[in-house]
């Protein structure tokens, strides 16, 4: 199975490279992530995978997310240090500090400002990991109606991010 | 880093869709990212916002939510007429849940129905839960919360037991009385089947008084009243409410009926194959098309479109 996944990796490599380039925009980082992905194939899922290429794309996209996330944290941490001369980055509370308080509060406010049902559905989906189908069932609405609520919630949180994005970049 | 709301919405649609995406969709996603640096910014902002929002959610307790009474909160109330007129039909297609008041002097009956592919959870005044599968209608009574009738489709009952006031379910003029129970009732063309997952149910308590225990299913033919007892796996009962359909030696025609009810996709299995027994599990927590495709694959049948629906036929029939 693993050998099969490696063969798929090789045939999909150009497309994986394009995905990672679009996500990371740094050729060195892209090569690192491709290498990391290749190493992970040895310990990847042992059971049969329905669509191995999709599985590889998902892995690559997740790795790109991890890289971007730690990059953002680093720049946020530097920003926090500058403004607060704050706590030791290795303390257990570091994660809290990393997400600038202001932004956390803005996000909380944005979520609280959503219609009650939208906020509830977003929490069930994003925090509690309940599948959309199950949420639809609980709420007595269709899956596409659940998706509409999620879309509205994402619009609200993304607005905050895109507004703040400029600030973070300037730090 | 400015991008339009349209791009933002596209990024959201991709983000919500990628969890289930196949390789072709991933390639389309890559092309979308490459098409415009603004797409890359929007998607990057979104996944970062998504992670931050999860932290924001985790750092505040869930607000207490006043759970509305589903029946009263649902604004779509239809008065039942002799038939569905054209306008009513269009209205019914827009609403997935219809509630029909059927008042009589002694009782205050009302019907709750779902469209194919939908499920609905009702919590009655006594705490009893009734889960409706798709294409299902039950009749309830405002004046008697210990009564339900299954008029069509399939429903799973989780009954709160009261020794001196048993819960009764009517199906096709016959009575099921709970003895503290979770059970599933299915109303198919020409028969109904009751299957007990927990506790026990008395079938026709004032006549035959057959006691059904977990893992037992009773099938009754409509016209002849012929009764058949089956053994089934208790854990598989009502699995449709968890997004699974589980079978052991069930004719493919019946499985296709369940798929239609659970997903809304019309599927037919052609004749020699329709009687073939099926053992296995179908996941239904995904799109109707995907469920139908994996069903066809599992039974090694050939799938083709048939108007708005699907037909599954033996593979050899297609080869010359």
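Rule-based calculations on the coordinates, nothing more; no lab input. Values in this document were obtained by computation on a predicted structure and should not be read as measured data. Here Cβ is always computed from backbone atoms with ideal geometry, including for glycine, and neighbour counts include all displayed protein chains.
If I stretch the segment between residue B:170 and residue B:283 completely, what's the gain in nm (0.36 nm per residue apart, minus their alpha carbon distance), one decimal? Please list the in-between numbers first.
Values: separation 113, 0.36 × 113 = 40.68 nm, distance 3.00 nm.
That pair, residue B:170 and residue B:283, stretches by 37.7 nm at full extension.
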Enumerate the whole-percent occupancy of each 10 Å bin, from 0 to the last occupied one, for all C-alpha pair distances of segment B:95-238.
-> 12, 45, 36, 7, 0
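Can you figure out the FRET efficiency of residue B:28 with residue A:109, using R₀ = 30 Å and their beta-carbon distance, to the nearest 0.05? Could the numbers behind the result be given before it?
Values: r = 35 Å, r/R0 = 1.18.
The pair residue B:28/residue A:109 has a calculated efficiency of 0.25.
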Normalising by the residue count of segment B:95-238, find the relative contact order in percent from Cα pairs under 8 Å and 6+ residues apart.
-> 14
Taking each residue of A:53-63 in turn, how many C-beta atoms of other protein chains fall within 10 Å of its C-beta, and what is the average?
-> 4
Looking at the P(r) of segment B:232-320, how many percent of alpha-carbon pairs lie beyond 20 Å?
-> 28
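Averaged over B:10-20, how many beta carbons belonging to a partner chain fall within 10 Å of each residue's beta carbon?
That average works out to 3.
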Please give the length that would be gained between residue B:129 and residue B:219 if that part of the chain were fully extended, namely 0.36 nm times their separation in residues minus their C-alpha to C-alpha distance (nm, one decimal).
-> 30.1 nm
On the formula 1/(1 + (r/R0)^6), with r taken between the Cβ atoms of residue B:59 and residue B:226 and R0 of 56 Å, the FRET efficiency rounded to 0.05 is 0.35
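What average number of partner chain Cβ atoms lie no more than 10 Å from the Cβ of the residues making up A:119-131? The partial results should precede the final answer.
Working: counts 4, 3, 0, 3, 8, 1, 1, 7, 7, 2, 1, 0, 4.
Across the residues of A:119-131, the mean count of other-chain Cβ atoms within 10 Å is 3.
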